[in-house]
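Trainee: The structure follows.
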Amino acid sequence: MQVRKLYWATAFLTLLPSLQGQGTPPTPPARRMGGFIPGQQRVAGDPAQLERGKSVYGIGCRSCHGADLRGGDMGGPNLLRSQLCLSDKDGELIIPVIEGSRQSTGMPAIKMSSEDAKAVAAYVRSVLGTIGGQGMPPSVGKAAPSILVGNASEGQAYFAAKCSGCHSGTGDMQGIASRIADPKALQNAWVAGGARQRFGGPAQSNSRRRTVTVAVTLPSGAKEDGRLVRIDDFTVTLAREDGTTATFRRDGDIPKVEVRDPLKAHRDLLPGYTDKNIHDVTAYLVTLK
Amino acid sequence: MRSIRTLLFLPALLLGQGKGIAPSELTKPLKDSWPTYNGDYTGRRFSALKQVNSVNVKSLSLAWMSRLTPGMGNTQQGFGRRGFAGPQSRIIVGGEGSGELNVGGGTIKASVLQVDGTLYFTMPDNAWAVDARDGRELWHYFWKTKGGTHIGNRGLGMWNNYLYMETPDNYLVSLDARTGKERWHKTIAELDQGYFSTPAPIIIGNHVIAGTGNDIDAPGFLQSFDPETGELQWKTYMVPMKKGDPGLETWASLDAARHGGGQTWIPGAYDPETKLYMIGTGNPTPAYTTGTRGEGDNLFTCALVALNVDTGKMAWYYQTSPHDMHDYDSAQTPVLVDGMFNGRQRKMVLTAARNGYFFVLDRVTGEHLLTSRYGTHTNWANGLNKSGGPKFDPAKNATVPGALVSPDSGGTVNWQPPAYNPDTGLFYVLEFNEFAMFYLTDVDPRGSMGLGGKEEVGVGSSGNYLVAIDYKTGKVVWRRQYYGTDGGGGGMLTTAGNLLFASDGAGNFVAYDAKTGKPLWHARIGRITNAPQTYMLDGHQYVTVATGDMLWAFVMN
């Protein structure tokens, strides 16, 4: 996928109510369901037909293609990513295959009435409509397996050796597993050095301990300290205690700028962790209820 | 009323007129114009212009800026039209959608073409012509979409006076460059199958080369169309599609290969001597699980492939990410360089892949010459295979308890075009060193689908950089750290004036000394969203760059 951050992309595509027929109430559109393709409108089938299709699928198709349509024990391919199924509008592509047009590639003809075949096609399309963004299969997210595999005592030893300079199991970390009950969230938080947003940037935090500060020393010797607002090669802006800000022009090393980022120590640890270190420390931290 | 409107349109029509760009012109080195995505076929994004140079760049000043409004509205703002009583621009509406879908805001990620004093560029579903001298809108073409992922559009291709644009709902649309009127549109992929099209078409002789993309498990392909009629000339799949196809042995089954990805997201480079078009292919699918695709290399995904431009037949390939497991597609711009390598004059192709590795190949034969790691903390691979490709470390795939991986799935670089300057011998590219926890959430032995099956949580970066690589050694010669987490922006431009133009990741458009990386000039115009262009008009050199819906032009007066 050729993007850095896709999750906002679908926000561009929103359905606007039709502006036609001003003066007369607009006709309500037929009930439609979304698909994994932004803007796509799949026509929702008739509930009775879908119910029938589901039953017939269970009898004639499920053993090969799987209960979730993602392929079954008897080798039938995943229907959720089938180009033929994805393109089917009203059974015109699916029904001939049910009737035996692909016997040479191993798909037998399945005996069913043409009405049932149509119902199966409608059912398949209805499941396709539940595929998630970027082709995510519908079953994902139902039961996330436990991430706890580490050795708590080895984690405690690692913590004592590497973390105890700044942190303590009976001090700041006490009760961490109660404050962050989900082990995965806890693991993400400690590896990042604090709760973070998905995909990158640090979460906005008012915590003083995580505030990035900067000291600017002018050629005259005058010095200003404050919270770092922004910095680049050309200017640096700080916020003073009273809330006012000051921006300084930068020209190479003048003025002298010293940024203090409390999270830097955590970031510097990232290249050094093994996955076992991480899992062990998490196993230890979840005991700090 | 109609006659008055016609009169109002007339000046715009006249201003938009020109000779266009003959296909033979595209084989010449880049000079006063910018007639194709990368400027020329080499992908170097190197301009021979040097009126603006490292000595005088401090005097570069704003010529104009224009704000573009996508969609049916047509209210150009800024200095382009409003309040300056310019003639009204034309809006031309096409498309097969109902017009109900609101595409909303838009961002210029396109490379901007400059031909005959007119600029041509896009947002998804939208194309514009604006006057290169003052930013005034000449026409605006809007395509009513049927849907599809509207993540970006890389720009237009131009053949004589005709323009070509791809749409998110997979049409190739041809416009008359003088008027913006549509000539024809053709379906190039099926929207219902999840395809969406972002690339800029590349014109080579009488070929319009158009890539496309998809995230669900679908085969990637590249197509060539007739510039006059839009008729398909050839279609080459990037994965095996039938028994006997080369590369099939690297997949667990034919069904897996036929759903194996290898999309053609980004335009390639072209060598007129060998008639080879070189393009980087996308990741295998499912992206994060081996389930259906097996343990093999999954050819020809994550590879640099060279195709004969007349037939589409593959002459050679080189896989830069065998058996990718992190959505590190290899859809980066290849860069063609002639120069010395190990004491020998060679015709080469360079690529810095999303996976953090830099490669030098012989572009005639595909022979591997060099691999180096430019992502400082890249940790997903364990050494190199016998072809010089990185060997993936299974422990760094997404796992249930979580694997700490760098880079994140966004990659060390993404779509942002690199640049190469023959005067410095340096290759310029972004280097992102994000770390992320990769959790396997879909433990189904059949594997997942598309980009599904994992959860990714960013846990910090060890620093993101603009880097200059010496291709002869693969070593980084200099690097400049980006401030903040939003480094990069849209890519690189380098010039014979010893300059490198790029975003600094902090809202500045910066001219760096190409030799040393020292910043020499900047303008704080906001988040840069495309790779800059340069051109010469009336004896003055311009540099353009986009920030969201704004296009900026700087000039040496």
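The rows are residues; the columns are (1) surrounded by fewer than 20 Cβ atoms within 10 Å (Cβ to Cβ); (2) within 22 Å of B:Thr441 (Cβ to Cβ); (3) in contact with a strand residue (DSSP E or B) (Cβ under 9 Å, 6 or more places away or on another chain).
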{"position": "B:Gly230", "(1), (2), (3)": "yes, no, yes"}
{"position": "B:Gln233", "(1), (2), (3)": "yes, no, yes"}
{"position": "B:Met241", "(1), (2), (3)": "yes, no, yes"}
{"position": "B:Pro272", "(1), (2), (3)": "yes, no, yes"}
{"position": "B:Tyr277", "(1), (2), (3)": "no, no, yes"}
{"position": "B:Gly282", "(1), (2), (3)": "no, no, yes"}
{"position": "B:Glu295", "(1), (2), (3)": "yes, yes, no"}
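Trainee: Checking the conditions here, which among B:Arg293, B:Arg344 is over 19 Å from the mean Cα position of the chain (by Cα) and within 14 Å of chain A (Cβ to nearest Cβ)? Before you say what the answer is, go through the steps one by one.
Mentor: Details: B:Arg344 fails: within 14 Å of chain A (Cβ to nearest Cβ).
Only one candidate qualifies: B:Arg293.
Trainee: Residues that are closer than 26 Å to B:Asp324 by Cβ, modelled with pLDDT of 95 or more and of a type in the set (Lys, Arg): does the stretch B:185-205 have at least one?
Mentor: Checked the stretch B:185-205: no residue is closer than 26 Å to B:Asp324 by Cβ, modelled with pLDDT of 95 or more and of a type in the set (Lys, Arg).
Trainee: With respect to B:Gly526, determine if the residue is more than 12 Å from chain A (Cβ to nearest Cβ), without any contact (Cβ under 8 Å) to a residue 40 or more places away in the chain, part of a loop (DSSP other than H, G, I, E, B) and not hydroxyl-bearing (Ser, Thr, Tyr).
Mentor: Numbers: more than 12 Å from chain A (Cβ to nearest Cβ): yes; without any contact (Cβ under 8 Å) to a residue 40 or more places away in the chain: yes; part of a loop (DSSP other than H, G, I, E, B): yes; not hydroxyl-bearing (Ser, Thr, Tyr): yes.
Yes, satisfied.
Residue-by-condition table, conditions (1) assigned to a strand (DSSP E or B); (2) of a type in the set (D, E, K, R); (3) buried (at least 23 other Cβ atoms within 10 Å of the Cβ); (4) at pLDDT 95 or above:
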position: B:Gly505; (1), (2), (3), (4): no, no, yes, no
position: B:His522; (1), (2), (3), (4): yes, no, no, yes
position: B:Tyr535; (1), (2), (3), (4): yes, no, yes, yes
position: B:Thr544; (1), (2), (3), (4): yes, no, yes, yes
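Trainee: Could you tell me whether B:Tyr483 is of a type in the set (Phe, Trp, Tyr), at the interface with another protein chain (Cβ under 8 Å from one of its Cβ atoms) and either touching a residue at least 24 places away in the same chain (Cβ under 8 Å) or surrounded by fewer than 21 Cβ atoms within 10 Å (Cβ to Cβ) (or both)?
Mentor: Numbers: of a type in the set (Phe, Trp, Tyr): yes; at the interface with another protein chain (Cβ under 8 Å from one of its Cβ atoms): yes; either touching a residue at least 24 places away in the same chain (Cβ under 8 Å) or surrounded by fewer than 21 Cβ atoms within 10 Å (Cβ to Cβ) (or both): yes.
For B:Tyr483, the condition - of a type in the set (Phe, Trp, Tyr), at the interface with another protein chain (Cβ under 8 Å from one of its Cβ atoms) and either touching a residue at least 24 places away in the same chain (Cβ under 8 Å) or surrounded by fewer than 21 Cβ atoms within 10 Å (Cβ to Cβ) (or both) - is met.
Trainee: Being of a type outside the set (A, V, I, L, M) and more than 7 Å from every other protein chain (Cβ to nearest Cβ) is the filter; apply it to the stretch B:413-422 and report the residue that is surrounded by the most Cβ atoms within 10 Å (Cβ to Cβ).
Mentor: Among them, the one singled out is B:Pro417.
Trainee: Return yes or no: is B:Gln51 over 29 Å from the mean Cα position of the chain (by Cα) and either at pLDDT 50 or above or within 21 Å of B:Asn161 (Cα to Cα) (or both)?
Mentor: Considered against the rule, which asks whether it is over 29 Å from the mean Cα position of the chain (by Cα) and either at pLDDT 50 or above or within 21 Å of B:Asn161 (Cα to Cα) (or both), B:Gln51 comes out as no.
Trainee: So is B:Arg373 in contact with a strand residue (DSSP E or B) (Cβ under 6 Å, 6 or more places away or on another chain) and within 14 Å of chain A (Cβ to nearest Cβ) or not?
Mentor: In short, yes.
Trainee: Among the residues of the stretch A:104-119, which ones are over 22 Å from B:Asp217 (Cβ atoms) and not in a loop (DSSP other than H, G, I, E, B)?
Mentor: Selection gives A:Ser104, A:Ser114, A:Glu115, A:Asp116, A:Ala117, A:Lys118, A:Ala119.
Trainee: In the stretch B:123-146, is there at least one residue being within 12 Å of chain A (Cβ to nearest Cβ) and surrounded by fewer than 24 Cβ atoms within 10 Å (Cβ to Cβ)?
Mentor: yes
Results for (1) buried (at least 24 other Cβ atoms within 10 Å of the Cβ); (2) touching an Asp or Glu at 6+ places or on another chain (Cβ under 8 Å), shown as yes or no for each residue.
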{"residue": "B:Arg346", "(1), (2)": "no, yes"}
{"residue": "B:Leu369", "(1), (2)": "no, yes"}
{"residue": "B:Arg373", "(1), (2)": "no, no"}
{"residue": "B:Asn382", "(1), (2)": "no, yes"}
{"residue": "B:Gly389", "(1), (2)": "yes, no"}
{"residue": "B:Ala395", "(1), (2)": "no, yes"}
{"residue": "B:Pro401", "(1), (2)": "no, yes"}
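Trainee: Answer yes or no: is there a residue in the stretch B:431-442 that is more than 7 Å from chain A (Cβ to nearest Cβ), polar (S, T, N, Q) and in contact with a Ser or Thr (Cβ under 6 Å, 6 or more places away or on another chain).
Mentor: Yes, there is a match, as at least one residue in the stretch B:431-442 is more than 7 Å from chain A (Cβ to nearest Cβ), polar (S, T, N, Q) and in contact with a Ser or Thr (Cβ under 6 Å, 6 or more places away or on another chain).
Trainee: Might you check whether a residue that is more than 29 Å from B:Lys109 (Cα to Cα) and away from every other protein chain (no Cβ under 11 Å) occurs anywhere in the stretch B:444-460?
Mentor: Filtering the stretch B:444-460 down to residues more than 29 Å from B:Lys109 (Cα to Cα) leaves B:444-448, B:453.
Now restrict to residues that are away from every other protein chain (no Cβ under 11 Å): none.
Scanning the stretch B:444-460 turns up no residue that is more than 29 Å from B:Lys109 (Cα to Cα) and away from every other protein chain (no Cβ under 11 Å).
Trainee: Could you give every pair whose Cβ atoms fall below 8 Å, whose first residue belongs to the stretch A:267-289 and is more than 10 Å from chain B (Cβ to nearest Cβ) and under 11 Å from A:Ser153 (Cα atoms), and whose second residue is surrounded by fewer than 21 Cβ atoms within 10 Å (Cβ to Cβ) and among the β-branched types (Val, Ile, Thr), counting only separations of at least 6 or pairs across chains?
Mentor: Going by the 8 Å Cβ cut-off, the qualifying pairs are A:Leu285/A:Ile176.
Trainee: I need the full set of residues from the stretch A:207-259 which are within 13 Å of chain B (Cβ to nearest Cβ) and touching a residue at least 40 places away in the same chain (Cβ under 8 Å), in order please.
Mentor: Once the filter is applied, which keeps residues that are within 13 Å of chain B (Cβ to nearest Cβ) and touching a residue at least 40 places away in the same chain (Cβ under 8 Å), the stretch A:207-259 yields A:Arg210, A:Val212, A:Val214, A:Val257, A:Val259.
Trainee: Follow-up question, since we're still on this one. Filter the stretch B:485-499 for residues that are within 26 Å of B:Met123 (Cβ to Cβ) and not in a loop (DSSP other than H, G, I, E, B) and give the result.
Mentor: In the first step, residues of the stretch B:485-499 are kept if they are within 26 Å of B:Met123 (Cβ to Cβ); the result is B:485-494.
Once the filter is applied, which keeps residues that are within 26 Å of B:Met123 (Cβ to Cβ) and not in a loop (DSSP other than H, G, I, E, B), the stretch B:485-499 yields B:Leu493, B:Thr494.
Trainee: Ok, one more. Considering only strands (runs of 3 or more DSSP E) fully contained in the stretch B:332-400, which possess at least 2 residues that are of a type in the set (Phe, Trp, Tyr) and under 21 Å from B:Gly463 (Cβ atoms)?
Mentor: Because the criterion is at least 2 residues that are of a type in the set (Phe, Trp, Tyr) and under 21 Å from B:Gly463 (Cβ atoms), the strands (runs of 3 or more DSSP E) in the stretch B:332-400 that meet it are B:357-362.
Trainee: Mind counting the residues in the stretch A:228-249 that are modelled with pLDDT of 95 or more, under 38 Å from the mean Cα position of the chain (by Cα) and among the basic types (Lys, Arg)?
Mentor: The total comes to 1.
Trainee: Out of B:Gly425, B:Gly450, which single residue is surrounded by fewer than 23 Cβ atoms within 10 Å (Cβ to Cβ) and on the phi > 0 side of the Ramachandran plot?
Mentor: Being surrounded by fewer than 23 Cβ atoms within 10 Å (Cβ to Cβ) and on the phi > 0 side of the Ramachandran plot holds for just one of B:Gly425, B:Gly450, which is B:Gly425.
Trainee: Give me the pairs: first residue in the stretch B:336-348 and in contact (Cβ under 8 Å) with a residue 60 or more places away in the chain, second residue of a type in the set (Phe, Trp, Tyr) and part of a strand (DSSP E or B), beta-carbon distance under 7 Å, and six or more apart or on different chains, which are they?
Mentor: B:Val337/B:Tyr420; B:Met348/B:Phe341
Trainee: Separate question: Whether any residue in the stretch B:403-412 is more than 10 Å from chain A (Cβ to nearest Cβ) and of a type in the set (Val, Ile, Thr) is what I want to check.
Mentor: Checked the stretch B:403-412: at least one residue is more than 10 Å from chain A (Cβ to nearest Cβ) and of a type in the set (Val, Ile, Thr).
Trainee: Another question, if that's okay. Is there a residue being more than 13 Å from chain B (Cβ to nearest Cβ), in contact (Cβ under 8 Å) with a residue 40 or more places away in the chain and farther than 13 Å from A:Ala122 by Cα anywhere in the stretch A:61-78?
Mentor: Checking the stretch A:61-78: at least one residue is more than 13 Å from chain B (Cβ to nearest Cβ), in contact (Cβ under 8 Å) with a residue 40 or more places away in the chain and farther than 13 Å from A:Ala122 by Cα.
The values are calculated or read from the model by the stated rules, or taken from the named source; none is laboratory data. If you're wondering where the values come from, they're calculated on a predicted model, not measured in any experiment. Virtual Cβ from ideal backbone geometry, glycine too; neighbours counted across all protein chains shown.
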